[in-house]
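These notes are about the structure you will find just below.
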Amino acid sequence: AKDKGGNLIQFFDPLLALAIEERRHLESELRRAIREHEFVLYYQPIVDLVEDTLVGAEALIRWRHPERGLVPPDDFIPLAEESGLIGEIGLWALEVASEQLAKWRAQAIQLYLSVNVSARQIPDGLPPETLFETARRHGCAPQSLALEITEGVLLSDFGSTAQWLSKIREQGFPVYLDDFGTGYSSLSYLKRFAVDRLKIDKSFVRDIATNASDRALVEAIIAMAKSLGIEVVAEGVEDAEHVRLLRGMGCRYAQGYFFSRPLPIDAFYAFRDRIPLL
Ligand code: C2E
Ligand code: CA
Ligand code: CA
Ligand code: CA
C-alpha cells in the first residue's frame with residue numbers, strides 16, 4: 001500500500017477536495033448567472049483634466065448574486081477565464097455596452113464607453129467580425145466603443161494578437177492598454193503593438209504625492225506616451241493632490257474615486273447632471 005500511496009495522498013487531501021468542490025460549485029453558479037442574467041454593468045466616469053468635462057466611462061461588471069449580493073469581478077472573472085466562460089460573459093458585456101451607447105446616441109449624449117477584454121478572449125473569443133456586427137446592429141460609432149486589454153494579452157501568440165488588434169483599430173475602435181507598467185516588459189509591448197491610449201495603473205498613481213520615484217515614473221510614462229502619440233488615462237485618482245500633480249505632468253484624462261466610484265446607470269446619469277463640478 002505504501003508504494004501506491006504517493007499519488008493518492010494529495011487526492012484525498014480534504015482541503016484540496018474542498019477547494020475543488022468549491023470551484024465546481026462556483027462554476028455551475030456562473031453558468032446559472034449567464035442563463036438568468038445576473039450580471040450588471042457599472043459605469044465609472046472618465047474625465048478630461050484640460051477641459052474639465054466628462055468624456056466617457058469604463059464599463060465594469062458586477063454579479064448580482066441572489067444570496068451573496070453584489071459580487072466584485074475579482075471574485076469571479078479569474079474562474080470565468082480559466083473555465084472558458086469569459087467568452088460568453090465578455091460578449092454579454094459588449095452587447096450591453098453597445099445598447100447603452102445606442103441610447104446615448106438617441107439622446108445626443110456624446111460619451112464613449114470602454115469595455116474590458118480578457119487575454120482569454122483574444123483572438124477567438126471575440127472575433128473582430130462579431131465586434132463589428134454588434135456595433136453596427138446598435139448603430140454605435142466605432143470611436144465610441146473602446147476596448148481595454150491588459151499586457152497579459154500580449155504574452156499570447158504574437159501574430160494572431162497583432163492581427164486581431166490591427167483589424168479592430170483599422171475599423172476605428174480605440175484600443176487601450178490597461179494597467180500599464182505592471183507587466184514585465186511594458187515598453188517592448190508598446191513598440192510591437194500599436195494602441196491608442198494607455199491607462200497608468202493605479203498602483204503608480206496612488207503614491208505620487210509622497211513617493212518621488214513613483215512620481216518620476218508616472219512623469220516618464222506620460223512623456224513617453226506623448227512622444228509616441230498615445231493618449232494617457234490615469235487610473236486610481238483618489239484626491240485633489242493627485243489631480244493637481246497629474247495636471248502639472250500634462251496628463252489629460254483621469255478616472256478614480258476622487259471623481260466617482262463605478263456607478264449603476266441611474267447614478268451615472270445623476271453624476272453627469274452635476275457636471276461641471278470638477
Ligand atoms: P481594471 O480594468 O483595472 O478596473 C479598474 C478597477 O479599479 C475597478 O475595480 C475600479 O472600481 C477600481 N478603481 C477605480 N477607481 C479607483 C480608485 O480611485 N482607487 C482604487 N483603489 N480603485 C479604483 P473593479 O470594478 O472591482 O474591477 C476589477 C477588475 O475586474 C478590473 O480591473 C478588470 O480587470 C476586471 N473586470 C471588470 N469588468 C470586467 C469585464 O467586463 N470583463 C473582464 N474581462 N474583466 C473585467
Ligand atoms: Ca480596465
Ligand atoms: Ca486598470
Ligand atoms: Ca486591473
Tell me which residues, restricted to region 79-94, are modelled with pLDDT of 95 or more and either assigned to a strand (DSSP E or B) or touching a Ser or Thr at 6+ places or on another chain (Cβ under 6 Å) (or both).
I86, L94
Complete set of residues in region 58-74 that are within 25 Å of G236 (Cα to Cα) and either within 13 Å of ligand 2 (Cβ to nearest atom) or out of contact with any helix residue (DSSP H, G or I) (no Cβ under 8 Å at 6 or more places or on another chain) (or both)
E58, A59, L60, I61, R64, G69, L70, V71, P72, P73, D74
Taking region 231-263 only, how many residues are closer than 16 Å to L49 by Cα and within 16 Å of ligand 2 (Cβ to nearest atom)?
14
Restricting to region 24-44, and then to whatever is of a type outside the set (D, E, K, R) and exposed (fewer than 14 other Cβ atoms within 10 Å of the Cβ), can you tell me which residue is nearest to the chain's Cα centre (by Cα)?
H37
Yes or no: region 114-122 includes at least one residue that is open to solvent by less than 30 Å² (accessible area, probe 1.4 Å), modelled with pLDDT under 95 and not hydroxyl-bearing (S, T, Y).
yes
Select from region 160-208 the residues that are closer than 18 Å to I222 by Cα, of a type in the set (S, T, Y) and more than 16 Å from ligand 3 (Cβ to nearest atom) and list them in ascending order.
S185, S188
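The values are calculated or read from the model by the stated rules, or taken from the named source; none is laboratory data. Keep in mind it's a predicted model, so treat the numbers as computed, not measured. In this analysis, Cβ positions are derived from the backbone assuming ideal geometry, glycine residues included, and neighbour counts consider all displayed protein chains. Heavy atoms of the whole protein, side chains included, go into the accessibility calculation; ligands, DNA and RNA do not. Shrake-Rupley method; radii C 1.70, N 1.55, O 1.52, S 1.80 Å.
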